[in-house]
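Structure first, commentary second.
Any read-out appearing in this document is the output of simple, stated calculations on the displayed coordinates, not a laboratory observation. What you are looking at is a predicted structure, and each value in this text was computed from that prediction instead of being measured. Positions of Cβ are generated from backbone atoms using ideal geometry, with glycine treated the same way; all protein chains shown enter the neighbour counts.
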Amino acid sequence: MRLPEEVLGNTTDNYVAALTINMSGMSGLAALIKNTGTKDLDLKIVTKIKTIEYEELGETALTAGSLLRYFEKDSIGTVIFYVKSLAAGNPTTYTIECMGS
């Protein structure tokens, strides 16, 4: 399975799925999420099997320039990275880099 190795984006006032990865057939995932802008953002990471989402990482603020590492060892379901602006009307930019096997 080929993953997107890098996702670049801009936040909005509401959560948006910045990256969705189907873990089927994978043995693991590593991701780095960086706030590359000058404003703060909110991030949450969920696992979804069919219709139920489980928060792996609850709502977490990333200040401007900060970085978060995320590892997933289970090969079930889908992992979804959601991002949004921390404060309404204050968009920022982010980069998500990932690799899996």
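Below is a table of values for the structure above.
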| quantity | calculated |
| --- | --- |
| Local electrostatic count at residue 54 - Lys and Arg +1, Asp and Glu -1, tallied over other residues with Cβ under 15 Å | -2 |
| Proximal aspartates and glutamates relative to residue 44, as straight alpha-carbon distance under 12 Å, when same-chain residues fewer than 8 apart are discounted | 53, 55, 56, 59 |
| Sorted by Cβ neighbour density within 10 Å, fewest at the top, the residues 75, 85 | 75, 85 |
| From phi via Karplus (6.51, -1.76, 1.60), per-residue ³J(HN,Hα) for region 12-21 in Hz, x at Gly/Pro | 10, 6, 10, 4, 10, 6, 6, 7, 10, 10 |
| Choice from 38, 63, 20 showing the highest fluctuation, given a GNM over the chain with Cα pairs closer than 10 Å | 38 |
| Residue 60-residue 99 pseudo-label distance in nm [points 7 Å out on the Cα-to-Cβ vector] | 2.0 nm |
| 13 Å beta-carbon shell around residue 10, net charge (K/R +1, D/E -1) | +1 |
| Sparsely packed trypsin sites (Lys or Arg not before Pro) within region 3-101, loop by DSSP, other Cβ within 10 Å at most 13 | 50, 73 |
| Net charge contributed by nearby residues that have their C-beta within less than 14 Å of residue 69 (K/R +1, D/E -1) | -1 |
